[in-house]
Structure formats: C-alpha cells, structure tokens
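Since the structure comes first, as structure tokens, the remarks are kept for the end.
The values are calculated or read from the model by the stated rules, or taken from the named source; none is laboratory data. These numbers come from a predicted model, not from an experiment. Every residue, glycine among them, receives a Cβ derived from its backbone with ideal geometry; neighbour counts consider all protein chains shown. Ligands, DNA and RNA are stripped out before the accessible areas are found, and what is left, the full protein with its side chains, is counted by its heavy atoms. Shrake-Rupley method; radii C 1.70, N 1.55, O 1.52, S 1.80 Å.
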Amino acid sequence: MREYSFIIPSMHDEISAKDVRSIITGIRGIQEVDVDYEDGTVNVYYDENQVIIDKIRYAVEKQGYTIKNL
C-alpha cells in the first residue's frame, strides 16, 4: 500500500470534502481516503499495482478541484 498526499485549496467545507472523498473512493484500488477540509489536505492510501497517481489527480481535477502537492 502506498500513500499520496496533496492539498486542495478550494476545499473549505464538509460538503466539498465529502465530494472529494466520493470521487477518489470510486477509483478501483483505493483502500482509504482521509480528507481534512479545514487544512485542505487529502491523504490517499492505494494499491500501487492498480492505481497510478495521475489517475487520482485526473479524477479530482476533472470535477473542478485544483491539486497542489505537499
């Protein structure tokens, strides 16, 4: 299991945090997602044999969120 952490600056409330969590958990191979809207941070734990980081980034950015690496 690998971890990918990033910031979404526009995530300011629980609704957007739930949206982001839902987007990411819909990807096959995602094992756990921790979202903290107060800090804007997202920690994704995934199976590196099934998921590449670009797939996570694409899914989130496709929904209008901007990702910044930690």
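What does the charge dipole of the chain about its Cα centre add up to, to the nearest 20 debye, if the Cβ of each Lys and Arg holds +1 and the Cβ of each Asp and Glu holds -1?
360 debye
For n ≥ 4 DSSP H runs only, could you compute -39500 (n - 2.57) per run for the chain, divide by its residues and tell me the 222 nm figure to the nearest 500?
-9500 deg cm²/dmol
Run the accessible area of segment 11-70 with a 1.4 Å probe and give the carbon-and-sulfur part as a rounded percent.
Carbon with sulfur: 42 percent of the solvent-accessible area.
Just the accessible area per residue of segment 20-70, please: how many Å² with a 1.4 Å probe?
63 Å²
Compute the acute angle (0 to 90°) between the alpha-carbon long axis of helix 14-25 and the principal axis of greatest extent of the alpha-carbon atoms of the chain; round to the nearest 10°.
So the helix axis and the longest Cα principal axis differ by about 10 degrees.
Just reorder 5, 22 by solvent-accessible area, largest first, 1.4 Å probe, all chains present.
Accessible-area ranking of 5, 22, largest first: 22, 5.
Highest mean first, what order results for 6-12, 61-67 on Cβ atoms within 10 Å?
6-12, 61-67
If you line up the long axis of helix 53-62 against the longest principal axis of the chain, both from Cα atoms, how many degrees apart are they, to the nearest 10?
The angle comes out near 40 degrees.
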